[in-house]
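See structure below.
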Amino acid sequence: MSTLEIRNLQVSVNTDDGMVEILKGVDLTIKSGETHAIMGPNGSGKSTLAYSIAGHPKYTITGGTVTLDGADVLEMSVDERAKAGLFLAMQYPVEVPGVSVSNFLRTAATALRGEAPKLRTWVGEVKSAMEALNMDPAFATRNVNEGFSGGEKKRHEIMQLELLKPKMAILDETDSGLDVDALRIVSEGVNRAKNANNLGVILITHYTRILRYIKPDFVHVFANGRIVEQGGPELAEKLEANGYADYVSK
Amino acid sequence: MSVLTTNYLTPTGREEAWRFTPLKRLRGLHDGTAVQSDRESLITKGALPSGVTFIRENLEPLSASDDVIIERVRGSASSVAHLAIAANTELTEPIFLGRSAGGMDTAEFSRVRISLGTHAVATVIVENTTDTVLAEDLEIYLAPGSNLKFVTLQEFESKSVYTARHHAIVDKDAIFKSITVTVGGDVVRILPTVAFKAPGASADLLGVYFATAGQFFEHRNHIDHAVPHAKSNVNYKGALAGQDAHTVWIGDVLIRAAAEGTDTYELNRNLLLSDGARADSVPNLEIETGEIVGAGHASTTGRFDDEQLFYLMSRGIAMADARRLVVRGFFNEIVSEIGNEEIQHRIMDRIDNELEKAGHNV
């Protein structure tokens, strides 16, 4: 049983106009097995929350704490956060030219498991993870995210989620740019990871569509750098009907 | 042994061709003060297949050169080491040439010829190791319809000074591909140049270089499109790490008035891995006819992409390993073209080691 605790998190970014505060005190607690949907309009700070937890150097933490089972996440380097059990499925996964998917996955698995996975079982692991997401086996020989379609990038992120077995996953707009078939396949992957590893999930999305496939236990509405309302799945239905207009004007 | 005569023009460093080169570190190759050795270090490794000969003979140069060091080499080398691949010989295995004998007190002036007969197909790999002072005039002739992959590996030790012209004359419908790898030496200056002799010919000039503290590596491509319907492509990639690591890439492409239907592209990318390093990158495209298929160039010099490192590290990969992956990936596009696993691993391992030696400052 793991707990990710975010307390009064305040985050700024450096822009041409100086430091701009994006997160203005975020409180959120996620336990293993729970799925928290974070919904909100564009520019409300949802992605900033995701990248701040993962440790992207662009963001400056100006206040608050993030702990995973009591350990100070904000003190950790980016790779240490992953080793502690955090995973970020990115909205725009980065191309790494010249590095094959299979080399990348094996290097990541070696780093996270502390030893190189046995080649024979590893090949099988990767193969079944790819099959489960309807991915062509030739995918493994391609360079990381290079020339991938939007859907392929998202499948590749979720394949990593299944292979690397984190404790807590942040899915940053994993649904964006996916057609219905791809959305279903990707969502099934998330659900498999939840069931297999009792994964805790922060599901960041603009739309309610993905919530038909990945059932949230909690829904938080994000606006202007903080959580402005929270509830159960019924809150998502309300957003579906009314949109974010009520929150943006506040 | 004889001291060279000095009736050659000595570069001062103000000439366009020499403005980047640290002349003082050339150990007298350029000004005639180098003491000529009687070394003839180029040898073949292993038995030569049928249709292939390697002999020393007297040959007139195939091309003119305005490079003062090449002039000196031509004036003083007593014979030419000639690798000849007979017409219609199709080799499936590479021919290995190499230099492992050297010396820093005297300079070797070497002339080399590689010639392919019509429709010959071959891969030639030249491995340059050891500490040495070497000036080399290497000419390649590809007869009509022949195909050569020419790999040169500059894996010198840290004191070596190597200046060379690798000039390919590519005849009708012949296919030339060179892969130039420079990862060792104090000063390395190579002129990988091409002249097309007849239509239908193509040349692919690929290269990688990795300079660490104090090293100077210069590559000057020149492609002469003097005939119609020839195709050329240049792609050189370099990385630099450490104080006063300095690389130069010059890409000169000349499309003459007669060269209608020319298709050419050149690309140079540099990765600056630390402060104190300098990469010069100068593409020059001179076009005398508008009737061409395409002509372009691009040059980029940048640092590590933070987004790439973040992505890899967010999967648990430590900073040093993430950097190694990115650098390997950067070079892989070209190194994998060598087509020999053992050599590819050796080059990548050398790059890993250089990166590690450059240390945590990168």
Legend entry - Count of segment B:218-233 residues which are touching a Ser or Thr at 6+ places or on another chain (Cβ under 8 Å), free of Cβ contacts under 8 Å to residues at least 60 places away in the same chain and hydrophobic (A, V, I, L, M, F, W, C): 1
Legend entry - Residues that are more than 14 Å from every other protein chain (Cβ to nearest Cβ), in a helix (DSSP H, G or I), in contact with a strand residue (DSSP E or B) (Cβ under 9 Å, 6 or more places away or on another chain) and surrounded by fewer than 24 Cβ atoms within 10 Å (Cβ to Cβ), drawn from segment A:140-178: A:A140
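Given the structure, is A:V221 closer than 17 Å to A:I38 by Cα, more than 16 Å from the chain's Cα centre (by Cα) and of a type in the set (V, I, T)?
Yes; evaluated as a whole, the condition is true for this residue.
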Inset, instruction - Select from segment B:275-307 the residues that are in contact with a strand residue (DSSP E or B) (Cβ under 9 Å, 6 or more places away or on another chain) and within 14 Å of chain A (Cβ to nearest Cβ) and write down the one among them that is most open to solvent (accessible area, probe 1.4 Å). - result: B:R303
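Considering only segment B:25-57, state which residues are β-branched (V, I, T) and either buried (at least 17 other Cβ atoms within 10 Å of the Cβ) or within 19 Å of B:A101 (Cβ to Cβ) (or both).
Of everything in segment B:25-57, those that are β-branched (V, I, T) and either buried (at least 17 other Cβ atoms within 10 Å of the Cβ) or within 19 Å of B:A101 (Cβ to Cβ) (or both) turn out to be B:V35, B:I43, B:T44, B:V52, B:I55.
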Legend entry - Complete set of residues in segment B:195-241 that are under 17 Å from B:D263 (Cβ atoms) and buried (at least 24 other Cβ atoms within 10 Å of the Cβ): B:F196, B:A201, B:A203, B:L205, B:N221, B:I223, B:H225, B:A230, B:S232, B:V234
Inset, instruction - Please enumerate the residues belonging to segment B:313-323 that are buried (at least 24 other Cβ atoms within 10 Å of the Cβ) and more than 7 Å from chain A (Cβ to nearest Cβ). - result: B:A322
Inset, instruction - Check whether at least one residue in segment B:67-90 is among the hydroxyl-bearing types (S, T, Y), over 25 Å from B:E337 (Cα atoms), open to solvent by 50 Å² or more (accessible area, probe 1.4 Å) and at pLDDT below 95, and report yes or no. - result: yes
Inset, instruction - Given the conditions (1) over 18 Å from the mean Cα position of the chain (by Cα); (2) under 24 Å from A:T3 (Cα atoms); (3) among the acidic types (D, E), report the number of the one that A:D246 does not fulfil. - result: (2)
Legend entry - Matching residues, segment A:106-123, being open to solvent by 40 Å² or more (accessible area, probe 1.4 Å) and over 16 Å from B:G316 (Cα atoms): A:K118, A:L119, A:R120, A:T121, A:V123
Inset, instruction - Provide a single number: the residues in segment B:134-169 that are polar (S, T, N, Q) and open to solvent by 20 Å² or more (accessible area, probe 1.4 Å). - result: 2
Inset, instruction - Would you be able to say whether some residue in segment A:107-115 is facing another protein chain (nearest Cβ under 8 Å), without any contact (Cβ under 8 Å) to a residue 24 or more places away in the chain and touching a helix residue (DSSP H, G or I) at 6+ places or on another chain (Cβ under 8 Å)? - result: yes
Legend entry - Looking only at segment A:12-62, and only at residues there that are small (G, A, S) and without any contact (Cβ under 8 Å) to a residue 24 or more places away in the chain, the one that is farthest from B:S314 (Cα to Cα): A:G18
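Give the residues of segment B:332-344 that are facing chain A (nearest Cβ under 7 Å) and either open to solvent by less than 10 Å² (accessible area, probe 1.4 Å) or in contact (Cβ under 8 Å) with a residue 60 or more places away in the chain (or both), sorted by residue number.
Selection gives B:E333 alone.
The values are calculated or read from the model by the stated rules, or taken from the named source; none is laboratory data. Note that the structure is a prediction, hence the values are computed from the model and not measured. Virtual Cβ from ideal backbone geometry, glycine too; neighbours counted across all protein chains shown. Heads up: the accessible areas ignore ligands, DNA and RNA and are worked out on the full protein's heavy atoms, side chains in. Shrake-Rupley method; radii C 1.70, N 1.55, O 1.52, S 1.80 Å.
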